[in-house]
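The values are calculated or read from the model by the stated rules, or taken from the named source; none is laboratory data. The structure displayed is predicted, hence computed values, not measured ones. We place every Cβ from the backbone using ideal geometry, glycine too, and count neighbours over all the protein chains shown. SASA here: full protein model, heavy atoms, side chains in, ligands and nucleic acids out. Shrake-Rupley method; radii C 1.70, N 1.55, O 1.52, S 1.80 Å.
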Amino acid sequence: RTDISPKAPIKGAARGYEDKNGTLTPHPAAGLPSPRVGMSTKRLTSHGGHKGMTDLLAARSQMGMSLAFHIIFSVIGIGMPLLMVIAEGLYLKTKDKAYLTLAKRWSKGTAIMFGVGAVSGTVLSFELGLLWPEFMAYAGAVIGMPFSLEGFAFFLEAIFLGIYLYGWERVSPKLHLAAGVGVMVSGALSGIFVTTVNAWMNTP
């Protein structure tokens, strides 16, 4: 939500605001600030008319589509390293080549999920500032810390994943397995920090 009024209805003007010429204007008695991005009720079309999607609905739709795409790759990218580490651990214990083959295939899938998840997550970070500037101006100081910690976890995951992918014949088996555990742990931490931000947004 970009409006700051409690329990503001989605349709029509927000509580405490008047709809004047398609733009939300604060009611004189409400004592609310002037709305900016995302507060317009004007419906625009390619013909310049006033039928179609509001700015708020367009922003929510774009953010929702981006989140729906990103969550698939990020969740799988967090879960696959666990399977990858288990397969390699079983190979080191049993010397069964099938587990080694499985671990290498899981690692390729992990790399793909990591790359796509990183790019789609970067899009989301830009959308937070571009689509919801009023919210970020208000809450940026609060959610900035967990996002910064998520950035550290992300780079740790990238470093460990690089060691894991290119270190099969270059580092010791135990060190290679430890790199896989590093990928698993840092990926899980990334998810925890982002979920912390979402939890605060639901219950500030």
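Can you pull out the residues in the range 106-126 that are within 18 Å of Ala178 (Cα to Cα) and surrounded by fewer than 14 Cβ atoms within 10 Å (Cβ to Cβ)?
Looking only at the range 106-126, we keep the residues that are within 18 Å of Ala178 (Cα to Cα), and these are 106-108, 110-111.
Of everything in the range 106-126, just one residue is within 18 Å of Ala178 (Cα to Cα) and surrounded by fewer than 14 Cβ atoms within 10 Å (Cβ to Cβ), namely Lys108.
For the range 163-184: of the residues being assigned to a loop (DSSP other than H, G, I, E, B) and of a type in the set (Gly, Ala, Ser), which is farthest from Leu83 (Cα to Cα)? Steps first, answer last, please.
Taking the range 163-184 and keeping what is assigned to a loop (DSSP other than H, G, I, E, B), we get 167-172.
Those still in the list that are of a type in the set (Gly, Ala, Ser) too: 167, 172.
On the way: Gly167: 18, Ser172: 20 Å.
If we take residues in the range 163-184 being assigned to a loop (DSSP other than H, G, I, E, B) and of a type in the set (Gly, Ala, Ser), then Ser172 is farthest from Leu83 (Cα to Cα).
Residue by residue, here is whether (1) within 18 Å of Gly89 (Cα to Cα); (2) touching a residue at least 12 places away in the same chain (Cβ under 8 Å) holds:
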position	(1), (2)
Leu156	no, yes
Trp168	yes, yes
Ala178	yes, no
Val183	yes, yes
Ala188	no, yes
Ala199	no, no
Residue among Ala68, Ala141 that alone is more than 23 Å from Phe160 (Cα to Cα) and open to solvent by 80 Å² or more (accessible area, probe 1.4 Å): Ala141
Take the conditions in contact with a helix residue (DSSP H, G or I) (Cβ under 9 Å, 6 or more places away or on another chain) and at pLDDT below 95 and apply them to Gly117. Does it pass? yes
Return yes when Leu149 is open to solvent by 60 Å² or more (accessible area, probe 1.4 Å), free of Cβ contacts under 8 Å to residues at least 12 places away in the same chain and farther than 30 Å from Tyr91 by Cβ and no when it is not. no
